Amino acid sequence: MSILTKLMPKTDAFFDAFEKQAALTVEGARLFKGMLDDFREIPRKVKEIKDVEHRADDVTHAAFELLYTQFITPFDRAVIHRLLSAIDDVLDLTDAATERIGLYDIQTVMPEASELASVLLAQTRKMQEAVHGLRNVKDSKRILDACKEINSLENQADSLLRRALADLFRSGTDTLTIIKWKEILDLIETATDRAEDVANVIENVVLENT
């Protein structure tokens, strides 16, 4: 590292962005889980989650703009881009599942959908913990433990999805309802996949910087 690089201050703005993204993702997942647990006033709840997603998009776009104007970044630009995108994807997919529930005029909730939402919420909380740890990557155990838990939760989501689809196909439900719920369940499970992507990016950052 050159003397100039050592002397140039590193901005905390990226860490602020990661943490704001993570907090909004937790909020979106919490609202989504709450909607499935109390399946009333769906249009209002769909809008609340959409509003959270819009706020997160603003954070993400501002961080992307900063990424290409900031001279010094806390770690590799490509890694920062991947992390911003992966966190953004988790909330985007949560919002997409929410939107489908509103658009498809869903009347009752599959229990497995609520279970998947619980897994997603737990992941986002662990993701928030791991993201916060990036300010001090030397505290690697705490960060890596959170990442490991995110990965474990994703495995739970995979099992839940398989069970949910098996139950759905055996239920004798009409074909249109099956198609609707399969899409919704897939979106929730894909959100858990993206949370695992976040954990993998963070894990690599920690291992490369400790």
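The values are calculated or read from the model by the stated rules, or taken from the named source; none is laboratory data. Keep in mind that what you see is a predicted model, and the values were worked out from it rather than measured. Here the Cβ positions follow ideal geometry from the backbone for every residue, glycine too, while neighbour counts run over all protein chains shown.
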Q: Within segment 184-200, track down each residue that is farther than 20 Å from LEU31 by Cβ and either of a type in the set (Val, Ile, Thr) or in contact (Cβ under 8 Å) with a residue 40 or more places away in the chain (or both).
A: GLU196, ASP197, ALA199, ASN200
Q. Which ones in segment 101-125 are in contact with a Leu (Cβ under 7 Å, 6 or more places away or on another chain) and assigned to a helix (DSSP H, G or I)?
A. GLU112, ALA113, SER114, GLU115, LEU116, ALA117, VAL119, ALA122, GLN123
Q. Among the numbered criteria (1) within 16 Å of the chain's Cα centre (by Cα); (2) surrounded by fewer than 20 Cβ atoms within 10 Å (Cβ to Cβ), which single criterion is violated by ASN136?
A. (1)
Q: May I ask you to say which residue of ILE150, ILE80 is out of contact with any Lys or Arg (no Cβ under 8 Å at 6 or more places or on another chain), more than 30 Å from PRO43 (Cβ to Cβ) and surrounded by 21 or more Cβ atoms within 10 Å (Cβ to Cβ)?
A: ILE80
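Condition check ((1) farther than 20 Å from LEU185 by Cα; (2) without any contact (Cβ under 8 Å) to a residue 40 or more places away in the chain; (3) surrounded by 21 or more Cβ atoms within 10 Å (Cβ to Cβ)) across all residues:
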{"residue": "GLY28", "(1), (2), (3)": "no, no, yes"}
{"residue": "GLY34", "(1), (2), (3)": "no, yes, no"}
{"residue": "ASP38", "(1), (2), (3)": "no, yes, no"}
{"residue": "ARG44", "(1), (2), (3)": "yes, yes, no"}
{"residue": "LYS50", "(1), (2), (3)": "no, no, no"}
Q: Please identify the pairs in which a residue from segment 158-175 that is not basic (Lys, Arg) has its Cβ atom under 7 Å from the Cβ atom of a residue that is not in a helix (DSSP H, G or I), counting only partners at least 6 apart or on another chain.
A: ALA164/MET110
Q | Condition broken by LEU168, with the remaining ones in (1) at pLDDT below 95; (2) closer than 19 Å to ILE87 by Cα; (3) not β-branched (Val, Ile, Thr) satisfied | A | (2)
**Q.** Odd one out for THR173 among (1) of a type outside the set (Gly, Ala, Ser); (2) within 19 Å of the chain's Cα centre (by Cα); (3) under 23 Å from PHE32 (Cβ atoms)
**A.** (2)
Q.
Looking only at residues that are at pLDDT 95 or above and among the acidic types (Asp, Glu) in segment 67-109, which one is farthest from the chain's Cα centre (by Cα)?
A. GLU99
Q. Residues in segment 115-133: is at least one touching a Phe, Trp or Tyr at 6+ places or on another chain (Cβ under 7 Å) and not aromatic (Phe, Trp, Tyr)?
A. yes
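Out of curiosity, is ILE49 hydrophobic (A, V, I, L, M, F, W, C), over 18 Å from ARG194 (Cβ atoms) and modelled with pLDDT of 95 or more?
On the way: hydrophobic (A, V, I, L, M, F, W, C): yes; over 18 Å from ARG194 (Cβ atoms): no; modelled with pLDDT of 95 or more: yes.
When the stated conditions are applied, ILE49 does not pass them.
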Q. Within the bounds of segment 113-130, is there any residue that is over 13 Å from the mean Cα position of the chain (by Cα) and either at pLDDT below 95 or closer than 16 Å to ALA56 by Cβ (or both)?
A. no
